[in-house]
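I have placed the structure first, in the form of structure tokens, so that the comments after it can refer back to it.
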There are 2 protein chains.
Amino acid sequence: MTAKKPLDRPDWWMDLPDAVDSRHYLGVRDSIAAHIHNGSLAEGACLPSERQLQTGTGAARGTIRAALFQLEAEGLIYRKERSGWYVSPPPIVYDPTRWEGFMSYVAAQGRTPKTELLDARTIAATAELAAVFGVDSGAPLYEIRRRRYIDDRAVLVETIHVDPRLTPSLLEHDLSQSLTQVLRSHYSIAVVRNRIDMAPCALTQDEAVALRLKSGLPGLLVKRISYDAQGRVVEYDLEYWRHDALKISVDIRVGN
Amino acid sequence: MTAKKPLDRPDWWMDLPDAVDSRHYLGVRDSIAAHIHNGSLAEGACLPSERQLQTGTGAARGTIRAALFQLEAEGLIYRKERSGWYVSPPPIVYDPTRWEGFMSYVAAQGRTPKTELLDARTIAATAELAAVFGVDSGAPLYEIRRRRYIDDRAVLVETIHVDPRLTPSLLEHDLSQSLTQVLRSHYSIAVVRNRIDMAPCALTQDEAVALRLKSGLPGLLVKRISYDAQGRVVEYDLEYWRHDALKISVDIRVGN
DNA sequence: GAATTAAACTGGTTTACACCAGATTTATTT
DNA sequence: AAATAAATCTGGTGTAAACCAGTTTAATTC
């Protein structure tokens, strides 16, 4: 059962020391992780198929998959639907305190950002939105849905809500650019305060489809509310990220 | 195969509307999630066993487990080894910019913090540690390992390193209290700057055992480096959290 | 009643198939 | 050479059994 019968494996593949832990899938996981770290599996590279990995380890497919799921949870690999498993690119570093908008901080890290406008329209405020903006339920709000990419990989979908009273005819501007830019240059609105919440979540149908992922996969929900100098809500943003696309880094002076 | 044969299920259990998605495990997931949200499964409550859930849904155990894993990734439920699945308590809210130490911010949220000292000793700096502290490799450093609880659930294990030159005989103090406190009151050391990095990770053997979790489960690694007014590294802290125990919330003024 | 032992139960892990639908590649036709 | 059709490969999902090792509970003994 546990006999190893080398076959079919890419020529660069070699057996690496197994973990002490008896659990087979952990051994498989560590083996793959080692290949990634030592460079034989480069960033963006496609892993051997699940069935190929089986012949390399003598494990059942379920066991192989358990290992792959683990690596996925760690952010080391990701999958393309029915195409294969790939080595994840490094996550973007996200500093909530130095917010300058997606376009600029992705570019600042030597990556290529891209924004795609999915939808832009006027809606009636739901009870929840009304509470956030301090308007009456049913009041008009702009709703903007966008998809954003890093190096041509879709990493997040977002739904932005804006109060038309602050930004009349906002939808007529180019919304595939930085919204922060538009607010500043066309409306002279400066964001003075940001409230950001992050929590793991499961991607629902909508988000998953937009990210070309299976619905139900874990993601990261980033909720951002921007305020202007008068304390008014300028922007309410819900971002659903691929969980492996970003990592948080904060550098702060503790005043107190 | 898909026939539902109600049996053995707790009396409060009832079938809830299934998702449109044909995937069976998503239906199971949503069903359980609905029970949690509508309150029939209260915080801390134990779910029906996997085999019991089978009789309720007609699914294979593997399918049930796929659903449970999903809910676990979302942070809705957690497991106790070979005991059962439980509804997760709400996560603690973590604001990296308002760092006041674990004890105080957990208490501030109406939860009960507890710290347990696992180990405290002097070690020789590894290359990595030496680089962080700006000392020679092999130089003495204090190493403190602690486990911390919220409401008697172990939520993190941490390894702290401190430079003995700044804090001589630190190990003689009570290390199950707030270290920040000790540094301030006994050494007059004030932390002026913090650098915090967070990223998902897989829990290794050590951390998992300390948290009574299976090694390999996803966790959250929080790396914190504290500096004093002179820019010296006061504390280098590696915290391994249960991934479902905290959520991040930052409220910041964007100065620029 | 308390301590001990045995049985029942729970999740943990793995195997081995089976079938599906989308992605990719190959062969075929136009 | 380009468009099309078919075969193949890949992950996605699901079933049905086993067996293991801790947990928990029930039965038994002291």
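The values are calculated or read from the model by the stated rules, or taken from the named source; none is laboratory data. Note that the coordinates shown come from a computational prediction; the quantities given were computed from them, not determined experimentally. Cβ: placed from backbone, ideal geometry, glycine included. Neighbour counts: every protein chain shown.
Could you say which residue among B:110, B:134, B:101 is within 22 Å of residue B:45 (Cβ to Cβ) and of a type outside the set (Asp, Glu)? Before the answer, list the steps.
Details: B:134 fails: within 22 Å of residue B:45 (Cβ to Cβ); B:101 fails: within 22 Å of residue B:45 (Cβ to Cβ).
From the options B:110, B:134, B:101, the qualifying one is B:110.
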Residue under question is residue A:222, and the condition is that it be within 12 Å of another protein chain (Cβ to nearest Cβ), modelled with pLDDT of 90 or more and in contact with a helix residue (DSSP H, G or I) (Cβ under 7 Å, 6 or more places away or on another chain); does it hold?
no
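With the structure loaded, tell me whether residue A:104 is out of contact with any Pro (no Cβ under 7 Å at 6 or more places or on another chain) and more than 14 Å from chain B (Cβ to nearest Cβ) or whether it fails that test.
On the way: out of contact with any Pro (no Cβ under 7 Å at 6 or more places or on another chain): yes; more than 14 Å from chain B (Cβ to nearest Cβ): no.
No: the conditions fail for residue A:104.
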Result of the Cβ filter at 6 Å on the range A:44-59, keeping first residues that are within 13 Å of residue A:28 (Cα to Cα) and assigned to a helix (DSSP H, G or I) and partners that are charged (D, E, K, R) and within 12 Å of DNA strand C (Cβ to nearest atom), at least 6 apart or interchain, is A:50/A:61; A:54/A:61
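Within the range B:55-70, can you find the residues that are under 30 Å from the mean Cα position of the chain (by Cα) and of a type outside the set (D, E, K, R)?
We begin by selecting, within the range B:55-70, every residue under 30 Å from the mean Cα position of the chain (by Cα); these are B:61-70.
Within the range B:55-70, B:62, B:63, B:64, B:66, B:67, B:68, B:69, B:70 meet the criteria.
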Checked B:176, B:185 against criteria (without any contact (Cβ under 8 Å) to a residue 12 or more places away in the chain, hydroxyl-bearing (Ser, Thr, Tyr) and within 18 Å of residue B:104 (Cα to Cα)); the one match is B:185
Selection from the range B:73-107 of residues closer than 16 Å to residue B:28 by Cβ and more than 9 Å from DNA strand C (Cβ to nearest atom) yields B:73, B:74, B:76, B:77, B:87
The residue from B:122, B:115, B:57 that alone is within 21 Å of residue B:227 (Cα to Cα), out of contact with any Cys (no Cβ under 7 Å at 6 or more places or on another chain) and more than 11 Å from DNA strand C (Cβ to nearest atom) is B:122
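Can you tell me how many residues within the range A:45-74 are more than 14 Å from chain B (Cβ to nearest Cβ) and of a type in the set (Asp, Glu)? Don't jump to the end; show me each part of the working.
So in the range A:45-74, the residues more than 14 Å from chain B (Cβ to nearest Cβ) come out as A:45-59, A:64.
Subset that is of a type in the set (Asp, Glu): A:50.
Selection size over the range A:45-74: 1.
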Open item on the list: Regarding the range B:156-168, can at least one residue be identified that is under 25 Å from the mean Cα position of the chain (by Cα) and either at pLDDT below 90 or in a loop (DSSP other than H, G, I, E, B) (or both)?
Closed with: no
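Have a look at A:179, A:203, A:217 and point out the one that is over 18 Å from the mean Cα position of the chain (by Cα) and on the phi < 0 side of the Ramachandran plot.
A:179
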Discussion item. Given the condition within 12 Å of DNA strand D (Cβ to nearest atom), over 20 Å from residue A:146 (Cβ atoms) and not aliphatic (A, V, I, L, M), answer yes or no: does some residue in the range A:27-46 qualify?
Written reply: yes
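Yes or no: the range A:218-232 includes at least one residue that is in contact with a Leu (Cβ under 6 Å, 6 or more places away or on another chain) and within 16 Å of DNA strand C (Cβ to nearest atom). Quick ask: steps written out before the conclusion?
In the first step, residues of the range A:218-232 are kept if they are in contact with a Leu (Cβ under 6 Å, 6 or more places away or on another chain); the result is A:219, A:223.
Applying the additional criterion that residues be within 16 Å of DNA strand C (Cβ to nearest atom) yields none.
Checked against the condition, which is being in contact with a Leu (Cβ under 6 Å, 6 or more places away or on another chain) and within 16 Å of DNA strand C (Cβ to nearest atom), the range A:218-232 yields no hits at all.
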Checked against (1) crowded, with 16+ Cβ neighbours inside 10 Å; (2) among the hydrophobic types (A, V, I, L, M, F, W, C); (3) not in a helix (DSSP H, G or I), residue A:182 satisfies every condition except (3)
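Please verify whether residue B:244 is crowded, with 20+ Cβ neighbours inside 10 Å and closer than 24 Å to residue B:81 by Cβ, treating the condition exactly as stated. Explain how you work it out, then say what you get.
Details: crowded, with 20+ Cβ neighbours inside 10 Å: yes; closer than 24 Å to residue B:81 by Cβ: yes.
Yes; evaluated as a whole, the condition is true for this residue.
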Note on the range A:181-217: residues more than 8 Å from every other protein chain (Cβ to nearest Cβ) and β-branched (Val, Ile, Thr) are A:182, A:189, A:204, A:209
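Taking the options B:212, B:253, B:195, name whichever one is within 16 Å of DNA strand C (Cβ to nearest atom), out of contact with any Leu (no Cβ under 9 Å at 6 or more places or on another chain) and not polar (S, T, N, Q). Break it down stepwise before answering.
Numbers: B:253 fails: within 16 Å of DNA strand C (Cβ to nearest atom); B:195 fails: within 16 Å of DNA strand C (Cβ to nearest atom).
After ruling out the rest, the residue left standing is B:212.
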